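Chemist: One structure, pasted below without further comment.
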Amino acid sequence: MLPRKREIVAGEVEDLQKKTRAGEGEATREEGDAAMAGRGNEIDEDLHSRQLAVYGRETMKPLFGSNVLVSGLQGLGAEIAKNLVLAGVKSVTLHDDGNVELWDLSSNFFLSENDVGQNRAQACVQKLQELNNAVLVSALTGDLTKEHLSKFQAVVFTDISLDKAIEFDDYCHSHQPPIAFIKSEVRGLFGSVFCDFGPEFTVLDVDGEEPHTGIVASISNDNPALVSCVDDERLEFQDGDLVVFSEVHGMTELNDGKPRKVKNARPYSFFLEEDTSSFGAYVRGGIVTQVKPPKVIKFKPLKEAMSEPGEFLMSDFSKFERPPLLHLAFQALDKFRTELSRFPVAGSTDDVQRVIEYAISINDTLGDRKLEEIDKKLLHHFASGSRAVLNPMAAMFGGIVGQEVVKACSGKFHPLYQFFYFDSVESLPVDPLEPGDLKPKNSRYDAQISVFGSTLQNKLEEAKIFMVGSGALGCEFLKNLALMGISCSQNGNLTVTDDDVIEKSNLSRQFLFRDWNIGQPKSTVAATAAMVINPKLHVEALQNRASPETENVFNDAFWENLDAVVNALDNVTARMYIDSRCVYFQKPLLESGTLGAKCNTQMVIPHLTENYGASRDPPEKQAPMCTVHSFPHNIDHCLTWARSEFEGLLEKTPTEVNAFLSNPTTYISAARTAGDAQARDQLERVIECLDRDKCETFQDSITWARLKFEDYFSNRVKQLTFTFPEDSMTSSGAPFWSAPKRFPRPVEFSSSDPSQLSFILAAAILRAETFGIPISEWAKTPNKLAAEAVDKVIVPDFQPKQGVKIVTDEKATSLSSASVDDAAVIEELIAKLEEVSKTLPSGFHMNPIQFEKDDDTNFHMDVIAGFANMRARNYSIPEVDKLKAKFIAGRIIPAIATSTAMATGLVCLELYKALAGGHKVEDYRNTFANLAIPLFSIAEPVPPKTIKHQELSWTVWDRWTVTGNITLRELLEWLKEKGLNAYSISCGTSLLYNSMFPRHKERLDRKVVDVAREVAKMEVPSYRRHLDVVVACEDDDDNDVDIPLVSVYFR
Amino acid sequence: MSSPSKRREMDLMKLMMSDYKVDMINDGMHEFFVHFHGPKDSIYQGGVWKVRVELTEAYPYKSPSIGFTNKIYHPNVDEMSGSVCLDVINQTWSPMFDLVNIFEVFLPQLLLYPNPSDPLNGEAASLMMRDKNAYENKVKEYCERYAKPEDISPEEEEEESDEELSDAEGYDSGDEAIMGHADP
């Protein structure tokens, strides 16, 4: 029975796919047309490159055709609208029937005090429009009716009564086609989301991950069939995944494109639900690729879901019981607002009591879903702060809801099903708040004061913060800090540093930047924009990279003065560095990062948590060198090779030429001293540029490019297959060309092949650029003239080198290094070089080209994509378009505004704790989230590791100090008294002392500071009284003991 | 076990405790040279190479970069750059490994059992597959020409000013240590 049943299921899935594929095509065409009509052109790929790397073109198109309504323009609505305008939907309509109050300024960054009294939606239109001219932004005021909803693909409500919401949701749910309905609220430190995308919503890609693949090594004739793959990389298939096969030799029946199911998935093999016993016998080859079937989700309408909420999406497993309670709490608050037409007053016991009573009475009606206990303390916090829309909560939920709208419009990623509740009560100060402290002060921070009190508000305003980085995370943070009033008093200070300038591709999410800021420093522009949001912000913008080289700027006094550090970085090296400084100066570090729809946050709090560097992700996988050199089997390998060839030909060699030209004597003597194969190779390259392959006209560059083409894509392949013929066997008798290696074939050049021709032209253009030769206009696009120029080049026939034994001509001699001494060749080359350099015009130099991925007109990506695709053609690897090539070769990190905004919201919820002080580790939270699934994983940080030795114990946050200008021997004795035998003492990256080096013994009676000055070149600045050394030591039983950093206070 | 900051020190210490001769450049710990002897009973026996070791900031999470500085004829070592294509010191590296593993196990194994199916020096691989005798002669010829103790010592005077003779004395016994573990 079972197999049969499964077959039916598989058949259905297949049918479904066909239908969806058909439907998809239509939808794309329709919406594509709409987008075309709306903006008259295609996706601006320069602007949206980072976002395209997350969604792909096929998702962006329907997104660009979608019209979205955002109702309720307090902080949450503003955040959602911002994320959607940045994402580039077709239109965003803002609706609000209320007017701006001072209260709104704690979370809506589009508003200023001048806007008070205006309609909220109208006050936001112009500033939202500035973010992206391709999106139509408009305002709708007054009452909203169902009829208004019909022209939208998605509608979002951030401030709507439950009754009204049910009415609108019913309309959207039964509309044809259904309109995606989202209701979200943030009330103080509590938030909720509800999604209803209609009775049958099709998700095209449930997780956004690339389909997994494997290289087949064997397939059995069996039922089920056992598929083994090469042990190059672990397979990531899971039981139940569907896969398709291609390039299988022998068992060709599997190449039919029909998805088949995986079972018993193992690291390098799996069973396939298919009877292959009657199929042809497997011979070789084959690639297996996961197919991701679309998923249909049946949403319940709001009315039904309210009483049958099903499973809530969890976020914090220490709050397992909370979502049902919050489901109740939000209903109780809705009832309070309906009955009293207002929110509870902050700190009012009567109002809180009323909300609790409503909650209890609703709970009593729930029957078997009734909660046994109602946490009144939690409801107190909920009710008391409910009027406030806090910026961090708005930022977090703005990210979540923005992503849900994108899902609704595109079918990309799995929607939130259907309720999500969250709270951050741990952000409240440790000591109970007095009602008097919560009273409004007629300031823009009144909302925040109503939750946290004036005492904490003052602390926030006086905070001294260092924010490192001012890119995507940085812009969001600056907005958040400005709204929260952080560093907004005379005593407060926010230092932001970033050494980068603004590029066009930043604009799709770094929302404080505009196109007229391109080329300007990020930190300055962002700081200026943040001061528009809150003119009281005390911000200083610097352009220093945070690194050991800038410790004169970020010196001890700077660090000692800080209250907290916020990282807004995009690389691990800088994160590690800032982490080490924060550990050293004992400062809280709030760390976060994003990758596509994923984000993580980590709190590093002195003595309470481990530091950032204590745990690490494994480094990125790199393809083996031999694979990249000669045996690529996927496009990544081809692109890695392409980038390295680009750098070698266009950057390194011209740089080398210039190094020679600027100082021939030094250059030559250095080559002579080195005397090795590398020096010889470099000399050969220099001579090539100055002599044999020197370019004087553009036609010379064409010739060079054409001959390079022949060399790379024909001659080298012929040589490789001559050395390793298709049928060659390894010593063990196995075929040499077996999976994952792919047998290459030369590409025969044809100027009528546009991809070949445009590659040659692009390469010639860059070659000409390195020689300063003007570029002929006709070369910029493939045409007849260009083809003729290329065809003119005379290409010599290629003869493979006859292995190692036969040495015939001169060139072969110089390449067959075995029989020739490098030093002798180097002498010959030097003589040649000296001769050649006499013929050069005075002042001759080359222009090295540095790879720049983000300029679409510089031909760099054309050359790299061309290199990679021609190589892919050699090895029958599927080619990629320029955009995909750019993502891989440019190592473009996919990035979207939604996950970025959410990460900064989560971090700012922690900032309340770090600045208030007195919190225990249990109050802090680290988060990992993936909006694509969606998944939230919120947990307490890990405490630091404690090391014990005899009576002593310490963590990474401790440091040992010794006073006195001591010698190395005295330091060793000081440690010996603690039962520690030191064998190595280092300072920076230099060894001051190692017991194994006899020559270090004579240093023992010298002062530590003097040895450090001499060996480590460590000059202690005059204001510092100490020097830090790292000591490696063992206890008396020869066990290594990891002791703290030792500070020697020598003056 | 211990913090990454001290791994360099500990690894270096263990290496020297195992009697390897280490040449430091001005006492810097990011880059140094280790003298490596061809394993006993291999065609590389008698050869000695100066192997450049680079420990990046991310060590031991990221593998050390390893390169032969004097020539070696081997299917998996690039003839020009001396780079080694070996999975355990590239793709499958783990922070559990250390420098002693590299010099006691990984490199001796590589010299004893070259893998011509994934060559970095195609010429060597092809010769090994086609004509084992010619290949072995060539390996020995290279050892003879480029991997004698005198091939790696003259550079010492230029590159490290402050090396001690007493360290060098240790390396005869170092030989023994390598041979003892070369073929587990």
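Chemist: Looking at the square roots a ≥ b ≥ c of the eigenvalues of the Cα gyration tensor of chain A, which shape do they give, rounded for a/c under 1.5, prolate if a/b is larger than b/c, or oblate? Intermediate values should be presented prior to the final figure.
Modeler: Values: a/c = 1.75, a/b = 1.27, b/c = 1.38.
Oblate shape, in that a/c is at least 1.5 and b/c is the bigger or equal ratio.
Chemist: Shifting gears a bit: Relative to the longest principal axis of chain A, what angle (0 to 90°, nearest 10) does the C-alpha long axis of helix A:162-174 take?
Modeler: 50
Chemist: Calculate how steeply helix A:446-461 sits against the longest principal axis of the alpha-carbon atoms of chain A, using the helix alpha-carbon long axis, and give the answer as 0 to 90 degrees to the nearest 10.
Modeler: Relative to chain A, helix A:446-461 is tipped by roughly 50 degrees.
Chemist: In square nanometres and to one decimal, what's the mean projected area of the convex hull around the Cα atoms of the range A:963-1020? Write down the numbers at each step before the final one.
Modeler: Details: hull surface 16.0 nm².
It is 4.0 nm².
Chemist: At R0 = 51 Å, how high is the FRET efficiency between A:Ala659 and A:Asp275 if r is their beta carbon distance? Nearest 0.05 is fine. Intermediate results must be reported in sequence, preceding the final value.
Modeler: Working: r = 66 Å, r/R0 = 1.30.
With R0 = 51 Å, the Cβ-Cβ based efficiency is 0.15.
Chemist: Considering only DSSP states other than H, G, I, E and B, which GluC sites (Glu not before Pro) in the range A:273-353 qualify as loop sites with at most 15 other Cβ atoms within 10 Å?
Modeler: Filter output for the range A:273-353: A:Glu311, A:Glu321.
Chemist: Suppose the Debye formula is applied to equal point scatterers at every Cα of the range A:946-1049; what is log10 I(q)/I(0) at q = 0.10, 0.12, 0.20, 0.22 Å⁻¹?
Modeler: Log10 of I(q)/I(0), two decimals: -0.26, -0.38, -1.05, -1.26.
Chemist: Right, next: Using a simple spin-label model with points 7 Å from Cα along the Cα→Cβ vector, what separation in nm is obtained for A:Thr252 and A:Glu835?
Modeler: 5.9
Chemist: Taking only DSSP H segments of four or more residues, each worth -39500 (n - 2.57), what value at 222 nm results for chain A once the sum is divided by all its residues, to the nearest 500 deg cm²/dmol?
Modeler: Numbers: 33 runs with 408 residues, N = 1051.
Value at 222 nm, helices only: -12000 deg cm²/dmol.
Chemist: Please identify every one of the trypsin sites (Lys or Arg not before Pro) in the range A:214-319 that sits in a loop by DSSP and has no more than 13 other beta carbons within 10 Å of its own beta carbon.
Modeler: A:Arg234, A:Lys298
Chemist: Report the local net charge at A:Thr276: Lys and Arg +1, Asp and Glu -1, summed over other residues whose C-beta lies under 9 Å from its C-beta. Before the final figure, lay out each step's value.
Modeler: Values: positive: none; negative: A:Asp222, A:Glu253, A:Glu274, A:Asp275.
Residues close to A:Thr276 contribute a combined charge of -4.
Chemist: Which links in A:Lys61/A:Lys886; A:Lys90/A:Lys886; A:Lys853/A:Lys1017; A:Lys652/A:Lys801; A:Lys376/A:Lys913; A:Lys459/A:Lys504 stretch past 29 Å when you go from one Cα to the other? Working shown, then result.
Modeler: Numbers: A:Lys61/A:Lys886 20 Å; A:Lys90/A:Lys886 26 Å; A:Lys853/A:Lys1017 38 Å; A:Lys652/A:Lys801 27 Å; A:Lys376/A:Lys913 23 Å; A:Lys459/A:Lys504 37 Å.
Exceeds cut-off: A:Lys853/A:Lys1017; A:Lys459/A:Lys504.
Chemist: Okay, moving on. Rounded to the nearest 0.05, what FRET efficiency do A:Asn221 and B:Lys132 have when you use their Cβ-Cβ distance and R0 = 45 Å? Spell out each step's value before the answer.
Modeler: Numbers: r = 37 Å, r/R0 = 0.82.
According to the calculation, E is roughly 0.75.
Chemist: With the contact rule set at Cα under 8 Å and sequence spacing of 6 or more, what percent relative contact order holds for chain A? Provide the component values of the computation, followed by the final result.
Modeler: Numbers: 2017 pairs, mean separation 124.4, N = 1051.
So the answer I get is 12 percent.
Chemist: Let me ask something else. Which of A:Lys61, A:Lys920, A:Lys652, A:Lys377 comes first, and how do the rest follow, when ranked by fewest Cβ neighbours within 10 Å? Before the final figure, lay out the partial values.
Modeler: Numbers: A:Lys61 21, A:Lys920 12, A:Lys652 15, A:Lys377 8.
Sorted ascending by nearby Cβ count, the order is A:Lys377, A:Lys920, A:Lys652, A:Lys61.
Chemist: Fewest first, what order do A:Trp516, A:Trp559, A:Trp103 take by the number of other Cβ atoms within 10 Å? Each step should come with its number before you reach the end.
Modeler: Values: A:Trp516 9, A:Trp559 17, A:Trp103 21.
Listed from fewest to most nearby Cβ atoms, that is A:Trp516, A:Trp559, A:Trp103.
Chemist: From the P(r) of the range A:213-291, could you give the percentage of C-alpha pairs in the tail past 14 Å?
Modeler: Details: 1660 of 3081 pairs.
Everything past 14 Å amounts to 54 percent.
Chemist: Could I ask something else about it? Can you give the charge dipole size of chain A about its Cα centre, rounded to the nearest 20 debye, using +1 on the beta carbon of Lys and Arg and -1 on the beta carbon of Asp and Glu?
Modeler: Working: 112 positive and 152 negative charges, 94 e Å.
I would put it at about 460 debye.
Chemist: Then there's this: Label points 7 Å out from Cα along the Cβ direction at A:Glu777 and A:Lys164: separation in nm?
Modeler: Using points 7 Å along Cα→Cβ, the separation is 6.2 nm.
Chemist: When the Cα centres of the range A:240-271 and the range A:119-150 are compared, how far apart do they sit, in Å?
Modeler: So the two Cα centres are separated by 50 Å.
Chemist: Modelled label-to-label distance, A:Glu726 and A:Lys441, 7 Å Cα→beta-carbon offset: nm?
Modeler: With each label point 7 Å from Cα toward Cβ, the separation is 8.2 nm.
Chemist: Counting other beta carbons within 10 Å of each Cβ, put A:Val230, A:Val401 in order, fewest first.
Modeler: Values: A:Val230 17, A:Val401 30.
Listing A:Val230, A:Val401 from fewest to most nearby Cβ atoms yields A:Val230, A:Val401.
Chemist: Given a Förster distance of 56 Å, report the FRET efficiency between A:Asp1040 and A:Asp855 from their Cβ-Cβ distance, rounded to the nearest 0.05. Don't skip to the answer; put the middle values down first.
Modeler: Working: r = 51 Å, r/R0 = 0.91.
Efficiency at R0 = 56 Å is approximately 0.65.
Chemist: Please give the Cα centre distance for the range A:305-374 versus the range A:725-783, rounded to the nearest Å.
Modeler: Taking the Cα centre of each part, the range A:305-374 and the range A:725-783 sit 66 Å apart.
Chemist: So which chymotrypsin sites (Phe, Trp or Tyr not before Pro) in the range A:949-1026 are both in a DSSP loop and have at most 13 other Cβ atoms within 10 Å of their Cβ?
Modeler: Details: sites: A:Trp954, A:Trp957, A:Trp960, A:Trp974, A:Tyr983, A:Tyr993, A:Tyr1023; in loops: A:Trp957, A:Tyr1023.
The qualifying sites are A:Tyr1023.
Chemist: Here's a follow-up. How big is the gap, in Å, between the Cα center of the range A:425-497 and the Cα center of the range B:108-131?
Modeler: A separation of 65 Å, based on Cα centres.
Chemist: Provide the percentage of antiparallel DSSP beta bridges, counting only those with both residues in chain A; round to the nearest 5.
Modeler: On the way: 73 of 115 bridges.
Beta bridges within chain A, antiparallel portion: roughly 65 percent.
No lab work stands behind these numbers, since they all come straight from the coordinates. Everything numeric in this text was worked out from a predicted model, so none of it was measured. Glycine gets a Cβ as well: all are built from the backbone with ideal geometry, and neighbour counts include every protein chain shown.
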